[in-house]
Amino acid sequence: MSKEKQAIEIIKTAKHLVAFTGAGISVESGIPPFRGENGIWNKYDPETLDISFFMSNPAESWKRIKQMFSEVLQQPKPNKAHLFLSKLEKMNLLKSIITQNIDNLHFLAGNQNVIEFHGNTRDLVCVGCGKIHKMKDVDLDILPPKCSSCGKVLKPDFVFFGENIPTDAYNKSQSEIEKTDVILIIGTSGVIFPASLIPEFAKRNGAKVIEINTKPTEYTSRITDLFLQGSAEKVCSELESYL
Ligand code: ZN
C-alpha cells in the first residue's frame, strides 16, 4: 500500500484527528515563509515584529508592518491543501486545526474550528484598553493607528517576538492535544517554540503522527510515524484522491 493510502486509512479511522499547520501550507498561496532563502526575514528586519521595538517606536514599526502587509498578504487564496482540510472537516473526519499561520486561509477555505496559535491579521488590539478593532475599519493613513475609545496605540492582533501565546488559543490547543489520537502536521519544521511542542505532546499522549513536508524536519526521525514528502498541495491532492 502506498504511504498516501496508509495515511488516508489512518485519517478515516481516527477518533479525534487534529491538523497542525505552519508556513509551508501557505507557500503555494503565494505567502513567503519567514525563514529560508526567499523568507520574509531576508527582506525585513525581524525587529519589525519585536514587541519592545513596537512599544518604543510604534510609528516606525507600523510603517514597516504596513509595507509588509501590502507586499506579503496581497489577498491570498486558499490552495488545495487548505481545501483538503476543509473537506475533511465537512466529512467530520477532522476535529480542529491548530495553525501557526496568521494568514486567515483556513477560515477562507471554509474550516470552522481553527485555533490561531499566533493570532491573526484580521484584527488590531489596543495596547491600552485591550479593545479589538477590525483591521478593515481602521484608517492606516496616519500611523500609528489609535484606539477610538482610549486613544492608545493599536497593535496587530498577532503574536510579536517577546509576547506570550494568546491564553484562549493556548488553552484550546492543550485541550485538543489531550483528545487527539492522530495529528496531521503540514508544512512546519518544528523550530518555533512553544508551538513546536504541540506534536510532541500529542505523541506523548499516544497519538499517531502523520507529517507532510518538502523535506525531513525536527520531527521526522523522532516522532513521525508516516512521513509524506512533497509540497502541501501535491501531497494533499493525492490524499484527497483516496478519500
Ligand atoms: Zn483603547
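Report every pair of residues separated by at least 6 positions or lying on different chains whose Cβ atoms are under 6 Å apart, first residue within the stretch 40-61 and of a type in the set (D, E, K, R), second surrounded by 14 or more Cβ atoms within 10 Å (Cβ to Cβ) and in a helix (DSSP H, G or I).
Listed by first residue and then by second, the contacts come to Glu47/Phe53.
Among the listed residues Ile192, Ile177, Ile165, Ile223, which satisfies the condition of being touching a helix residue (DSSP H, G or I) at 6+ places or on another chain (Cβ under 9 Å), in contact (Cβ under 8 Å) with a residue 60 or more places away in the chain and of a type in the set (Val, Ile, Thr)?
Every option except Ile177 fails the conditions.
Inside the stretch 135-172, can you point out the residues that are within 13 Å of the ligand (Cβ to nearest atom), more than 20 Å from Asn104 (Cβ to Cβ) and either among the aliphatic types (A, V, I, L, M) or exposed (fewer than 12 other Cβ atoms within 10 Å of the Cβ) (or both)?
Within the stretch 135-172, Gly151, Val153 meet the criteria.
Since every read-out is calculated from the coordinates, none of them should be taken as a lab result. The structure presented is a predicted model; accordingly, all values stated were derived computationally and were not measured. FYI the Cβ positions are ideal-geometry reconstructions off the backbone, even for glycines, and counts take in every protein chain you see.
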